[in-house]
Amino acid sequence: MKFILDNWMMIAVTLSSGLMLLWPALRGGGPGSLTAEGAVQLMNREKAVVVDICEASEFAAGHVVGAKNIPLSQLEGKLAGAVKNKTLPLILVCHSGARSSRAVQIAKKLGYANVQSLSGGMGAWRSANLPVEKA
């Protein structure tokens with residue numbers, strides 16, 4: 001007990017630094033989410049297809065270069081026509097990552113096995129200083 005009382009500040013610093021290390025994993029969005037850097041690797045190495053599920057106005061304001069636009073409300077009906085090869089990795093993107101996380105389940109239901117959401121959405125993409133295309 002004396003050790004804890006004598007070294008309370010060192011213990012507090014240790015605990016807070018441990019929490020800071022765990023924070024990205026806790027905040028990451030769980031399974032099926034992908035960092036911007038991971039998305040670039042999938043695009044370059046495995047020819048991943050990027051589908052932006054934002055509305056047309058959001059898509060026009062800025063999107064991942066080469067992304068296809070299928071709004072979330074139309075995803076179930078149009079995804080199979082836009083991305084025919086269900087074995088390619090599929091990256092779903094929205095403004096913040098919230099809608100694309102929900103869209104992962106829709107894509108999996110349609111038979112896309114390797115589907116992931118861009119964690120943090122376009123905000124994370126821009127923060128990583130990756131190229132953005134405007135329509």
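For the range 114-133, taking the residues that are touching a strand residue (DSSP E or B) at 6+ places or on another chain (Cβ under 9 Å), in a helix (DSSP H, G or I) and not charged (D, E, K, R), the one that is surrounded by the fewest Cβ atoms within 10 Å (Cβ to Cβ) is identified as A124. Looking across the range 79-113, just one residue is of a type in the set (S, T, N, Q) and either in contact with a His (Cβ under 7 Å, 6 or more places away or on another chain) or buried (at least 22 other Cβ atoms within 10 Å of the Cβ) (or both), and that is S100. Restricting L72, L42 to those that are out of contact with any Pro (no Cβ under 8 Å at 6 or more places or on another chain) and of a type in the set (A, V, I, L, M, F, W, C) reduces the list to L72. Quick one: which residue in S100, S73 is in the same structural domain as Q116 (by TED's automatic domain parsing) and under 14 Å from the mean Cα position of the chain (by Cα)? Of the residues listed, the single one that is in the same structural domain as Q116 (by TED's automatic domain parsing) and under 14 Å from the mean Cα position of the chain (by Cα) is S100.
Checking each residue of the range 44-51 against the condition of being under 13 Å from the mean Cα position of the chain (by Cα) and either in the same structural domain as Q105 (by TED's automatic domain parsing) or of a type in the set (F, W, Y) (or both) gives at least one match. Against the numbered list (1) surrounded by fewer than 22 Cβ atoms within 10 Å (Cβ to Cβ); (2) within 15 Å of the chain's Cα centre (by Cα); (3) modelled with pLDDT of 95 or more, E37 comes up short only at (3). Of all residues in the range 77-113, those being in contact (Cβ under 8 Å) with a residue 40 or more places away in the chain, part of a loop (DSSP other than H, G, I, E, B) and not small (G, A, S) number 4.
Can you find a residue in the range 89-99 that is farther than 15 Å from V115 by Cβ and of a type in the set (V, I, T)? Step through it out loud before you land on a result.
Kept after step one, since they are farther than 15 Å from V115 by Cβ, are these residues of the range 89-99: 95-96, 98.
If we keep only those that are of a type in the set (V, I, T) as well, we get none.
No, there is no match, as no residue in the range 89-99 is farther than 15 Å from V115 by Cβ and of a type in the set (V, I, T).
The values are calculated or read from the model by the stated rules, or taken from the named source; none is laboratory data. Fair warning: this is a prediction, and the values are worked out from it, not measured in the lab. So basically every Cβ, Gly included, is an ideal-geometry build from the backbone, and we count neighbours across all protein chains shown.
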